[in-house]
Every structure is written in C-alpha cells, then in structure tokens.
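FYI, it's all coordinate maths here, none of it is from the lab. Here the structure is a predicted model, which is why all the values come from computation and not from measurement. When we count neighbours, we look across all protein chains shown, and the Cβ atoms used for this are built from the backbone with ideal geometry, even at glycine.
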Amino acid sequence: MARNTTVQNDGEQIKDQVFSELQVLIEESEKLLNDSAALVGEEAETLRAQVGLKLRQAREAVHGVRSKAQPVVEATQDYIGGHPWQTVAISAGFGLVVGLLLGRRS
C-alpha cells in the first residue's frame, strides 16, 4: 500500500508540474505574440529567436516530464499485470459511480 501512495503522490506532483510549466509557456507565448504585432526587420528576428528558445524549453520540459512519468507508468502496468481482477473490479465500480452521478444530473 505504501508503494501505491508513493506512486500516486509522484503522479500528482508530475501532473502539477506539467500544468504549471504549460501555463507559463502559454502566458509567455501570448505575450510574445502581442509584442510582435508591430515588429518588422531586426525586431522581428529577435522575437523569432525568443519564440524558438521558448519552444526548445518546452520540448525539454516535455522530455523531462516524460522521463519522470515513466516510473509511474511502469508501476501502474506492474500493478495491473499483477492484479487483473482487482483492476477490473475497481474500474467497474468507478464506472458505476460515474454512471449513477451522471444519471442524477439529467
């Protein structure tokens, strides 16, 4: 059980990190696009260089998150492979609860 809790905590941390990094990337990209409206010549080249840098940083962030998420994925696959019937039961129970909740909304 302790391993499952650790895996869940790691997964949550990775998810939070991804969302925060994507939010920063979006905000910086929007700022660069707004700043580029009136730029021509050398200023436009500088802006393109900045956008290229941000895209490289985003690729590196995605690669870093992918490498951090790999142990979580492997742990999940190991659990599912080792406990197939428990996984089916949990999935069915979750689907039933979601179905009941959605049915009440109608």
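Please list, or write none, the aspartates and glutamates whose alpha carbon is within less than 19 Å of the alpha carbon of K54, excluding same-chain residues fewer than 8 places away.
Partners within reach: E21, E27, E28, E30, D35, E42, E43, E45.
By how many nm would the segment from R105 to V73 grow when fully extended, if each residue of separation counts as 0.36 nm and the alpha-carbon distance is taken off?
My answer for the length gained is 8.2 nm.
Once phi is turned into θ = phi - 60°, what whole-Hz ³J(HN,Hα) does the Karplus curve with 6.51, -1.76 and 1.60 give for every residue of the stretch 79-90, x standing for Gly and Pro?
Couplings: 5, 5, x, x, 9, x, 6, 5, 5, 5, 5, 5 Hz.
How many nm separate the modelled label positions at L32 and V62, each set 7 Å beyond the Cα in the direction of the Cβ?
Distance between label points: 1.4 nm.
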